[in-house]
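Asker: Attaching a single structure in structure tokens format; questions to follow.
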Amino acid sequence: MRGNVAESEGQCLRSAEGVHGHAGQAAVELALALPLVALLLLTVVQLGLLVRDQVLVVHAAREGARQAAVDGAPDAARKAALGSTGLPSRGLTVSMSGRGGPGSHVRVEVRYRAPTDVPLVGAALGDMTLHASATMRVER
């Protein structure tokens, strides 16, 4: 009988050691996977910021083209494009071409150098140049 008790105690000890061994394995797996998950999350955040900036660049091009279609002033498209978005003016360039008389088409192109400021990911990507253009019929 005594042999059975020792035998069953040995099994309990072994199973308890096995549980602790799995807890250590889970900690190691978490330590290996967590940096990759964090990097993936930072990449998604940076991508979201770039998509937001692209939408703002498209909006600026439309606003600039609309203003150029109704106002013949040479700087009207630039002022409208700069004023319509929250993008900083230092990285934004606006060019206008093709404006003639009423009925002609004016084309406004906007380029923006989008900073990639998210840690780790931004440094790997570098700044991106986003661009958009819009064409509208001149009204006046």
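The values are calculated or read from the model by the stated rules, or taken from the named source; none is laboratory data. Predicted, not measured: the structure shown is a model, and the values here were computed from it. Don't worry about glycine lacking a Cβ; one is built from the backbone with ideal geometry, like all the others, and counts go over all protein chains shown.
Asker: Please determine whether any residue of the stretch 112-129 is out of contact with any strand residue (DSSP E or B) (no Cβ under 6 Å at 6 or more places or on another chain), farther than 29 Å from LEU39 by Cα and not small (Gly, Ala, Ser). Don't jump to the end; show me each part of the working.
Answerer: First, pick out the residues of the stretch 112-129 that are out of contact with any strand residue (DSSP E or B) (no Cβ under 6 Å at 6 or more places or on another chain): 115-126.
Then keep just the ones that are farther than 29 Å from LEU39 by Cα; that gives none.
No, the stretch 112-129 contains no residue that is out of contact with any strand residue (DSSP E or B) (no Cβ under 6 Å at 6 or more places or on another chain), farther than 29 Å from LEU39 by Cα and not small (Gly, Ala, Ser).
Asker: Give the residues of the stretch 43-60 that are out of contact with any Lys or Arg (no Cβ under 9 Å at 6 or more places or on another chain) and touching a residue at least 60 places away in the same chain (Cβ under 8 Å), sorted by residue number.
Answerer: Step one: list which residues in the stretch 43-60 are out of contact with any Lys or Arg (no Cβ under 9 Å at 6 or more places or on another chain), which gives 43-56, 58-60.
Listed by number, the residues that qualify are THR43, VAL45, GLN46, LEU49, LEU50, ASP53, GLN54, VAL58, ALA60.
Asker: A further question follows. Just to be sure I understand the filter: pairs with C-beta atoms under 6 Å, separated by 6 or more residues or on different chains, first member in the stretch 17-42 and closer than 14 Å to LEU120 by Cβ, second member exposed (fewer than 10 other Cβ atoms within 10 Å of the Cβ) and modelled with pLDDT under 90. Which pairs pass?
Answerer: Partner pairs satisfying both residue conditions: none exist.
Asker: Quick check on the stretch 95-134: of everything there that is polar (S, T, N, Q) and surrounded by 15 or more Cβ atoms within 10 Å (Cβ to Cβ), which residue is nearest to VAL70 (Cα to Cα)? First the steps, then the outcome.
Answerer: Let us first name the residues in the stretch 95-134 that are polar (S, T, N, Q), namely 95, 97, 104, 116, 129, 133.
Subset that is surrounded by 15 or more Cβ atoms within 10 Å (Cβ to Cβ): 116, 133.
Numbers: THR116: 35, SER133: 17 Å.
This residue is SER133.
Asker: Within the stretch 72-88, how many residues are within 18 Å of ARG140 (Cβ to Cβ), of a type in the set (D, E, K, R) and not in a loop (DSSP other than H, G, I, E, B)? So that I can check it myself, show each step before the final result.
Answerer: Looking only at the stretch 72-88, we keep the residues that are within 18 Å of ARG140 (Cβ to Cβ), and these are 72-77, 79-80.
This time we only want the ones that are of a type in the set (D, E, K, R), so: 75, 79.
With not in a loop (DSSP other than H, G, I, E, B) added as a condition, the list becomes 79.
Total meeting the criteria: 1.
Asker: Turning to a different aspect of this structure: Restricting attention to the stretch 49-71, and to residues there that are in a helix (DSSP H, G or I) and of a type in the set (Asp, Glu), which single residue is farthest from ARG99 (Cα to Cα)?
Answerer: Quick first cut of the stretch 49-71, residues in a helix (DSSP H, G or I) only: 49-70.
Still in the list and also of a type in the set (Asp, Glu): 53, 63.
Numbers: ASP53: 27, GLU63: 15 Å.
Per the stated criteria, the residue is ASP53.
Asker: I'd like to know if the stretch 61-71 contains one or more residues that are surrounded by 20 or more Cβ atoms within 10 Å (Cβ to Cβ) and under 20 Å from the mean Cα position of the chain (by Cα).
Answerer: Yes, because at least one residue in the stretch 61-71 is surrounded by 20 or more Cβ atoms within 10 Å (Cβ to Cβ) and under 20 Å from the mean Cα position of the chain (by Cα).
Asker: If we scan the stretch 19-42, do we find a residue that is part of a helix (DSSP H, G or I), small (Gly, Ala, Ser) and surrounded by 14 or more Cβ atoms within 10 Å (Cβ to Cβ)? Please lay out each step first, then the result.
Answerer: Going through the stretch 19-42, the residues part of a helix (DSSP H, G or I) turn out to be 19-42.
After this cut, where a residue has to be small (Gly, Ala, Ser) as well, the list is 21, 23-24, 26-27, 31, 33, 38.
Right, trim to surrounded by 14 or more Cβ atoms within 10 Å (Cβ to Cβ) and you get none.
The answer is no, given that none of the residues of the stretch 19-42 is part of a helix (DSSP H, G or I), small (Gly, Ala, Ser) and surrounded by 14 or more Cβ atoms within 10 Å (Cβ to Cβ).
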